[in-house]
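To keep things clear, I will list the structure first and then write my remarks on it.
The values are calculated or read from the model by the stated rules, or taken from the named source; none is laboratory data. Note that the coordinates shown come from a computational prediction; the quantities given were computed from them, not determined experimentally. Cβ: placed from backbone, ideal geometry, glycine included. Neighbour counts: every protein chain shown. Side chains are part of the model used for accessible areas, which takes the heavy atoms of the whole protein and leaves out ligands, DNA and RNA. Shrake-Rupley method; radii C 1.70, N 1.55, O 1.52, S 1.80 Å.
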Amino acid sequence: MTIDNADLLNSILTSLDRIECIEPEDIPNIELYMDQVTTFMDKKLRSTARYPGEDKILTKTMINNYAKNDLLPPPVRKKYSREHVLLLIFIYYYKSILSISDIQTLLKPITEKYFRNDGEFNLESIYREAFGMEKQQLNALKEDVVRKFETAEQTFQDAPEESRDFLRKFSFICTLSFDVYIKKLMIEKMVDELDGGRKGSAGDEKSESKKK
């Protein structure tokens, strides 16, 4: 059964309303074993999965790989702190658009300076500020989605009637995809700047070597 375009938009907006960030208060104030960490993350983020009944939110293998790639400080006596969980939440959202190397560039300065920092400004402070900002952007995001939908609905006026509905969905997806593509390029550019431009320099050197 195909879904009406208006119903599709309403479904998307409703799904955006259901997005909930994990509050620091939600995280147990005790150290957790790995199984407890994966259970907690699965419970809190299951609704964000594309296929909730199948997708793995976080596994032991993932956690071990994050530690091997210096994304996550090692546990103490096989136990993970609240700060470990905060970092895992950042990683969860970043990994869908950024490489492991880019995530490392973003998180390494934060873990080096603020992990296990008992001062007033610590990792939890950064998490609250960052995700608080995301919540403020949700209404603006919904308005942007509606504008893109309305624009897509005006496309393919001359297309065959039997294809018009599909082509307008295709147009809507293209518009959203282009937005994601441009923002991803912007994010990668900023990550490269944070990394001191070394990635760009390395790419230039490779290009020059090929010319010789």
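With each label point set 7 Å from Cα along the Cα-Cβ vector, what nm distance links Cys174 and Glu150?
Using points 7 Å along Cα→Cβ, the separation is 2.1 nm.
When only alpha-carbon atoms are used, what values of Rg and Dmax, in angstrom, describe segment 1-100?
16.0, 54
Can you give the angle from 0 to 90° between the axis of helix 161-194 and the longest principal axis of the chain, with both taken from C-alpha atoms, to the nearest 10?
With rounding to tens, the tilt is 30 degrees.
Among Ile103, Ala67, Ala140, whose Cα projects farthest towards the positive end of the dipole of the chain, with charges put on the beta-carbon of Lys, Arg (+1) and Asp, Glu (-1)?
Towards the positive end, the residue furthest out is Ala67.
Which Rg and Dmax, in Å, describe the Cα atoms of segment 126-183?
For segment 126-183, the Cα-based Rg and Dmax read 15.5, 52 Å.
Tally up the carbon and sulfur contribution to the accessible surface of the chain as a whole percent, 1.4 Å probe, everything protein left in place. Working shown, then result.
Working: 7680 of 14330 Å².
Carbon plus sulfur share of accessible area: 54 percent.
Write down Rg/Rh for segment 21-77, rounded to two decimals, with Rg from the C-alpha atoms and Rh from the Kirkwood relation over Cα pairs. It would help to have the intermediate numbers written out before the result.
Numbers: Rg = 12.2 Å, Rh = 12.5 Å.
Value, to two decimals: 0.97.
What is the angle, in °, between the Cα long axis of helix 5-17 and the longest principal axis of the Cα atoms in the chain? Nearest 10 is fine, range 0 to 90.
20 degrees
Could you work out Rg/(2.2 N^0.38 Å) for segment 151-200, with Rg from alpha carbons only? Write down the numbers at each step before the final one.
Working: Rg = 17.5 Å, N = 50, 2.2 N^0.38 = 9.7 Å.
Computed over Cα atoms of segment 151-200, the ratio equals 1.80.
Using a simple charge model, +1 on the beta-carbon of Lys and Arg, -1 on the beta-carbon of Asp and Glu, nothing else, what dipole does segment 50-185 show about its Cα centre, in debye to the nearest 20? Mind dumping the intermediate values first?
Values: 22 positive and 20 negative charges, 172 e Å.
Dipole magnitude for segment 50-185 comes out near 820 debye.
If you wrap segment 100-154's Cα atoms in a convex hull and average its projection over all directions, what's the area in nm²? Show your work: numbers first, answer last.
On the way: hull surface 22.3 nm².
If I average the Cα hull's projected area over directions, I get 5.6 nm².
Nearest 0.05, what FRET efficiency do Tyr51 and Asp17 give at R0 = 25 Å with Cβ-Cβ as r? Write down the numbers at each step before the final one.
Working: r = 21 Å, r/R0 = 0.82.
After rounding to 0.05, the efficiency reads 0.75.
Give me P(r) over segment 1-43, computed from all C-alpha to C-alpha distances, binned every 10 Å, as integer percentages.
Spelled out bin by bin, segment 1-43 gives 22, 31, 20, 20, 8 percent.
Mean shadow of the chain, computed from the convex hull of its alpha carbons, in nm²?
Working: hull surface 67.0 nm².
Answer in nm², one decimal: 16.7.
Karplus couplings for segment 98-105 from phi (6.51 cos²θ - 1.76 cosθ + 1.60, θ = phi - 60°), rounded to Hz, Gly and Pro as x?
Calculated HN-Hα couplings, in order: 10, 6, 4, 4, 5, 5, 4, 4 Hz.
Across segment 54-66, in residue order, what do the Karplus-derived ³J(HN,Hα) couplings come to in whole Hz, using 6.51 cos²θ - 1.76 cosθ + 1.60 with θ = phi - 60° and x for Gly and Pro?
10, 5, 8, 6, 7, 10, 4, 4, 4, 4, 4, 5, 4
How many angstrom lie between the C-alpha centres of segment 150-165 and segment 76-118?
After rounding, the separation between the Cα centres reads 45 Å.
Determine one quarter of the surface area of the Cα convex hull of segment 49-156, which equals its mean projected area, and express it in nm² to one decimal.
Details: hull surface 39.4 nm².
Across all orientations, segment 49-156 yields a mean hull projection of 9.9 nm².
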